[in-house]
Each structure stands twice: as C-alpha cells, then as structure tokens.
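Written below as structure tokens is the structure these notes are about.
The values are calculated or read from the model by the stated rules, or taken from the named source; none is laboratory data. As the structure is a prediction and not an experimental result, all values here were calculated from the model. Backbone-built Cβ (ideal geometry, glycine too); neighbour counts: all protein chains shown.
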Amino acid sequence: MAFDGVVISSLVSEFNHKLVGGRIYKIYQPETDEICMVIKNRVGEENITSRVVLCADASLPLMYISDKNKENPAQAPNFCMLLRKHIGNGRIIKVEQPGFERIVEFTIEHLDEMGDLCRKKLIMEIMGKHSNIIFTDEDKTIIDSIKHISYQISSVREVLPGREYVYPPSQEKINPMEIDVNYFINTILRKPTTICKAIYTSLNGISPTMANEIAFRAGVDGGMATSSIGLEKQENLFREFRLLMDDIREEKFRPCIAYKGYEPKEFGAVELTMYGNLCEAEPDDSFDGVKPYDSISRVIEQYYQDKSVVNRIKQRSIDLRKIVSTAVERTSKKYDLQINQLKDTDDREKYKVYGELITAYGYNVVQGQKELECDNYYTGEKITIPLDEQYSAMENAKRYFAKYNKQKRSYEALTHLTQTTARELDYLLSVQNSLEIAKTEADLQQIKAELIESGYIKGRVNKGKNKNNTKGKPLHFVSDDGYDIYVGKNNYQNEELTFEMASGNDLWFHSKRFPGSHVIIRTNGDRDIPDRTYEQAAKLAAFFSTGKNSSKVEIDYTERKNLKKPPKSNPGYVIYHTNYSMAIEPDIHGIKEV
C-alpha cells in the first residue's frame, strides 16, 4: 500500500501528540536523501525522546518515528549543516497536512542570529520518485531542499533555493473531507470506469487499497462498473466513505498490517476489514489476517522490515526456485508419459485369454479364417477372437502370448518407474514447499546443499558444514496445553527433527497426500496428550504442506518409533505401516510460535 492521505493523516496525528512542543536535539543525514531528527519533549508527566525519519528515496519514500538509532556519518552533508544552523535546538510548534495531500509540514520556532524569534517550515513530500524534503522560511520561500529540481528536470514545478514554494499540482482531484453526497453520487460515481477507480482518481489521498476497503465495507464489488450499481448501493458507498472520513477527523485510527503467512500484504491506518478481522490477541509470526498495532510509525517500520526480509529471501532463492521449477516440470511430463504408457498395458490379460482359448479350440480353425467364435471358460460367455488369416491357429496363439508377455514386462517395468518418478516428483514438490517457507539464509543454504546431494545441482557437499555449521532451526510452536511442537522447514530439518531430535514416543504428523513438513509433538513420555494439541499439530502439518490452500487436508500421525527410512532414499523420506488419520483445516491462527 502506498503512503496515501489516510496514512499521512494518521502520521500527522501521531506527530502532533508526540512532537509538538518538543525541541530538536540532533539532526543528521545518514543517507543522501534521508534526514533524521532527534526530538526531546515532555508529554504529560513523561519525558520522551523521538527519532523522526524523513526519507525521500525515489524507490521507497518513508516517514515515521523510530526507536532505532541510525549511523551518523562523520562528515555532515551541506543540507544537514544548513538545518543544524537554522533549526538546531528549535521547537516544533505545529505539524499539518495541507488539503489531505501526501505532504507534511513541520512549523519550527527558533532564534535567529540576532536573537529574534522566527519560524521556518520543513516540508516532507511523499510523491513516489518525486519525493522531496524542502526547507522554507515562514513566507514559503525555499531556503534549500534535499533534491534540487530545475525546469530542465521538471516543467511542472521548480524546487530551488530562492524560489517560492508551491504545492504540487492536484491532478484535478479534490479534498475528500469537503465533498457531500450529491457530489459523490452525481460526479464521482458517474465516471465511466470501475467503482474503485472512480473513487481514487477523483479524491486526494485515497489509494486503490483504500477505495477497495470502502467498497468492501459497503458490500459492493469494487471492480464493477459505476453504471451497474443502483441508488441503494451508491448510498451505501457514500455512507461508508463518510464514516471513514469522520474517523479520520476524530483521529480514530487503527493502524494494522495484513499478513498472508509470513509475508505482509498491506498496511493501513484504519482497519482493513477486507483482509479479515483484527486479531485482538497477540498473533504468532505466521498467520493469515490483520494484526493491529498501537502506532502507525510502528506499522510502517515493521511492514517494510518484514517486506525486506521476504523480498531478500525471495531474491536470493531465485536461482534455486528456477532449478526446482524446471525439474518439477520435467518430472511431471515424464510421469504423465509413463502413466499413459502404463494404461496401454491394460489389455495384457485379454491377450493371454485369447492365446489360451485359441490353443483350446484351434482344432476347428482353418487357414484363412479371420475370427474364432468360442466359449470363454473364464466367464461362461461367447467370445469372438480376431485372427490373422495369414497364420495358422497355433501361430495366432503364439502371437497373442508374445503380445501378452511383452505388455506384462512393460507393465512391471512401468509400475516400478512410475512409483520411482512419483517419489521423485513428491520430493521436488517438498523442496519447492521448503523454498516457500524458508525464512533465513541458513534455510536456503540447507536447501542448496540438499539439491547438490540429490544431484540437481553440480557441486560438492561438505555434509558437516552444510548440515551443522550453517543449519537453520526448525519452527517451534507451543500448543494451548503447553506442549512443544516442532516443524521442519526443509528435508534436512525434517530428517534431523524426526530421527535425531524426536524420541520414540514423540508424535509425528505429516500430510497424507501432499508433500510438506514433518511435525513433532514432544510428549516427554506423557501418554494422555489432549485432543486440542493433536489438532493444532495436524493444522501445522496441513499449513506447512503444498495442500495449504485446500479447505481440508488429511493428516497421518503416529509415534516416532513406527517410522523407518529406506536405504538410499532422498532426505526426509520415511515409510510407516501403523498410523491414524484425521482431516483438518490448514488454519494456524492462535497457535503460538516461540
């Protein structure tokens, strides 16, 4: 989700509560287009120190209050020195958002060189690649900016020292705080486009995500054309829009992040009901739903931190994903071909019966006869057997027996081949699943070592180094009844978890039909494990399998001592003959991760 006007409004509210009245204690510039200000303030009876980050990076402009220190460069850039000269030890007296734009204005009061009280403005513009940090005097004359924009760069607006500061063009959008029901229905919803696009292209500060949220709350499909909805739904849309604007006016914000597993999908300053209800209890690190926070700054920092981790792991795993994906595709085609060839042997028993019946009744056949009609002593029914008129009865029988024996050999060979290929495909899908749930560099190194060992990547494996020194750790959960549950994130971890960490009486869970993680409940010798713990372990086994998007997944479970690993089998492959099963939803909400 972009920094829209709603998020900016929430930030301004937070800045006014935490920063207004505070003194600027320190200013530094850790990056070329980033300013950090340390502000000390007294809020109520408490002295607080806030670190404000203003980043005008073209690819990722950000603004938030952070608890973390950033490195202060030894040599301060010119823009930083200018800010220190003018507003160092200045007092923030006001933070504003003009016209619901993606702009924040800090009004700062300070003493000039003559000791007179004066004011300056520090303006942060969140405008994608056009983002900027601009420093002006009280009359909006630009003193300097972190990026200089001349008319050679932009014909729309010049941002240079000495020029008058003007707001970016509004793109014919209007302030959403100022519209009424007539304008909303008769102007916005008359645009010949989809409902959501009509909303976000007409109003300042409303992003596509926010427009979709309004439509969802109104019970309307945001992708529908504006011309396809009646007056009642139009009024519902305006009602939800007005309620949202009222919450913003009254500063009733509910900062949150919507997650899909470990990956953050969206963030917002208001509840994103289209992704589910807020999880009021503290959720675990991996769940599908909306996680609330007490601060929009915390949301922004956490969202981009989590997003960065996910993106970095995905980027680092691109080559591995491509190798595995190619192997899966090739093995799937081979399996399909073998299955089709196996189907071609379905008639083998028929040819054996033909040979036997010709041998039994062939004394009546004369040379040149095209078929033999006789009784099938296996079924008691009449049967007609095609004959090659060029051959005698016995020669026809020999030909049918030869065909039967050939198909029988093919059947036996193909049965073995398809079983081998099916195991290989399951193995590759399990590696693919491991790449999806990998969280650290160590996890990726283990998967790469596994692929080298299995022959899918050329190289040499030092098993001691790859399995121990750089190993990732299995996921660790605690059931509601207090039992430790462990989940392997790849086949090396699955094997170690099952055959090294688990004891004989510990419980083992795995998806019956889908490749996935091994899940272990540490029983500590307890024979009376509550049903709720069984169900939570089964949910984890379902969620961390390739069947996680199914409504229900069948899970096998047994004691660890019932498992065996066949010689020369792939990592993580086990067999068992004693087990129980249950069907469970792959929903791990509420299962606490350690």
Criterion: over 24 Å from Ser59 (Cβ atoms) and more than 38 Å from the chain's Cα centre (by Cα) - qualifying residue of Ile179, Ile188, Ile174, Ile142: Ile142
Looking only at the stretch 246-265, and only at residues there that are in contact (Cβ under 8 Å) with a residue 60 or more places away in the chain and surrounded by 19 or more Cβ atoms within 10 Å (Cβ to Cβ), the one that is farthest from Ile188 (Cα to Cα): Pro255
Filter result (in contact (Cβ under 8 Å) with a residue 60 or more places away in the chain, within 30 Å of Pro474 (Cα to Cα) and surrounded by fewer than 17 Cβ atoms within 10 Å (Cβ to Cβ)) within the stretch 386-425: Ala422, Arg423
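Please count how many residues of the stretch 217-226 are surrounded by fewer than 17 Cβ atoms within 10 Å (Cβ to Cβ) and either within 22 Å of Glu172 (Cα to Cα) or at pLDDT 95 or above (or both). Full working, then the answer.
First, pick out the residues of the stretch 217-226 that are surrounded by fewer than 17 Cβ atoms within 10 Å (Cβ to Cβ): 219, 221, 223-225.
Checking the rest, the ones that are also either within 22 Å of Glu172 (Cα to Cα) or at pLDDT 95 or above (or both) come to 225.
Qualifying residue count, the stretch 217-226: 1.
Considering only residues that are outside any loop (DSSP other than H, G, I, E, B) and touching a helix residue (DSSP H, G or I) at 6+ places or on another chain (Cβ under 8 Å), look in the stretch 476-493 and name the one that is nearest to Tyr573 (Cα to Cα). If you could, list the steps in order and put the result at the bottom.
Initial filter on the stretch 476-493 (outside any loop (DSSP other than H, G, I, E, B)): 476-478, 484-487, 491-493.
Restricting the remaining residues to those that are touching a helix residue (DSSP H, G or I) at 6+ places or on another chain (Cβ under 8 Å) gives 477, 485-487, 491-493.
Numbers: Phe477: 23, Ile485: 20, Tyr486: 17, Val487: 15, Asn491: 8, Tyr492: 10, Gln493: 12 Å.
Among residues in the stretch 476-493 that are outside any loop (DSSP other than H, G, I, E, B) and touching a helix residue (DSSP H, G or I) at 6+ places or on another chain (Cβ under 8 Å), the one nearest to Tyr573 (Cα to Cα) is Asn491.
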Here are the criteria: (1) farther than 28 Å from Leu54 by Cβ; (2) surrounded by fewer than 16 Cβ atoms within 10 Å (Cβ to Cβ). Tell me which single one Leu189 does not satisfy. (2)
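Answer with yes or no whether Ile142 is surrounded by 18 or more Cβ atoms within 10 Å (Cβ to Cβ), out of contact with any Pro (no Cβ under 6 Å at 6 or more places or on another chain) and part of a strand (DSSP E or B). Quick ask: steps written out before the conclusion?
Numbers: surrounded by 18 or more Cβ atoms within 10 Å (Cβ to Cβ): yes; out of contact with any Pro (no Cβ under 6 Å at 6 or more places or on another chain): no; part of a strand (DSSP E or B): yes.
Considered against the rule, which asks whether it is surrounded by 18 or more Cβ atoms within 10 Å (Cβ to Cβ), out of contact with any Pro (no Cβ under 6 Å at 6 or more places or on another chain) and part of a strand (DSSP E or B), Ile142 comes out as no.
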Identify, from the list Gln338, Gln305, the residue that is outside the structural domain of Tyr404 (by TED's automatic domain parsing) and either within 30 Å of Lys448 (Cα to Cα) or part of a strand (DSSP E or B) (or both). Gln305
Among (1) among the β-branched types (Val, Ile, Thr); (2) surrounded by fewer than 19 Cβ atoms within 10 Å (Cβ to Cβ); (3) more than 21 Å from Lys68 (Cβ to Cβ), where does Thr32 come up short? (3)
What pairs come up if the first residue lies in the stretch 433-447 and is closer than 15 Å to Phe514 by Cα, the second is surrounded by fewer than 20 Cβ atoms within 10 Å (Cβ to Cβ) and not charged (D, E, K, R), and their beta carbons are under 7 Å apart, counting only those six or more places apart or on different chains? Asn433/Thr546
Could you tell me which of the residues Glu251, Glu271, Glu266, Glu282 is assigned to a strand (DSSP E or B) and either touching a helix residue (DSSP H, G or I) at 6+ places or on another chain (Cβ under 9 Å) or modelled with pLDDT under 90 (or both)? Glu266
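For the stretch 517-546, give me each residue that is farther than 14 Å from Phe477 by Cβ and either touching a Lys or Arg at 6+ places or on another chain (Cβ under 7 Å) or assigned to a helix (DSSP H, G or I) (or both).
Filtering the stretch 517-546 for residues farther than 14 Å from Phe477 by Cβ gives 523-531, 545-546.
Of everything in the stretch 517-546, just one residue is farther than 14 Å from Phe477 by Cβ and either touching a Lys or Arg at 6+ places or on another chain (Cβ under 7 Å) or assigned to a helix (DSSP H, G or I) (or both), namely Asp531.
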Kindly indicate which of Thr107, Thr136 is at pLDDT 95 or above, among the hydroxyl-bearing types (Ser, Thr, Tyr) and within 17 Å of Val20 (Cα to Cα). Thr107
Restricted to the stretch 488-536, and to residues that are touching a residue at least 60 places away in the same chain (Cβ under 8 Å) and in contact with a Pro (Cβ under 8 Å, 6 or more places away or on another chain), which residue is nearest to Glu593 (Cα to Cα)? Gly488
Subset tally (residues that are surrounded by fewer than 23 Cβ atoms within 10 Å (Cβ to Cβ) and in contact (Cβ under 8 Å) with a residue 12 or more places away in the chain) for the stretch 478-487: 6
For residues in the stretch 164-186 being surrounded by fewer than 16 Cβ atoms within 10 Å (Cβ to Cβ) and charged (D, E, K, R), which is farthest from Met210 (Cα to Cα)? Glu164
Among Cys36, Cys55, which is the only one that is over 27 Å from Pro208 (Cα atoms) and either free of Cβ contacts under 8 Å to residues at least 60 places away in the same chain or not charged (D, E, K, R) (or both)? Cys36
Of the residues that make up the stretch 100-110, is at least one over 24 Å from Gln302 (Cβ atoms) and in contact with a Cys (Cβ under 8 Å, 6 or more places away or on another chain)? yes
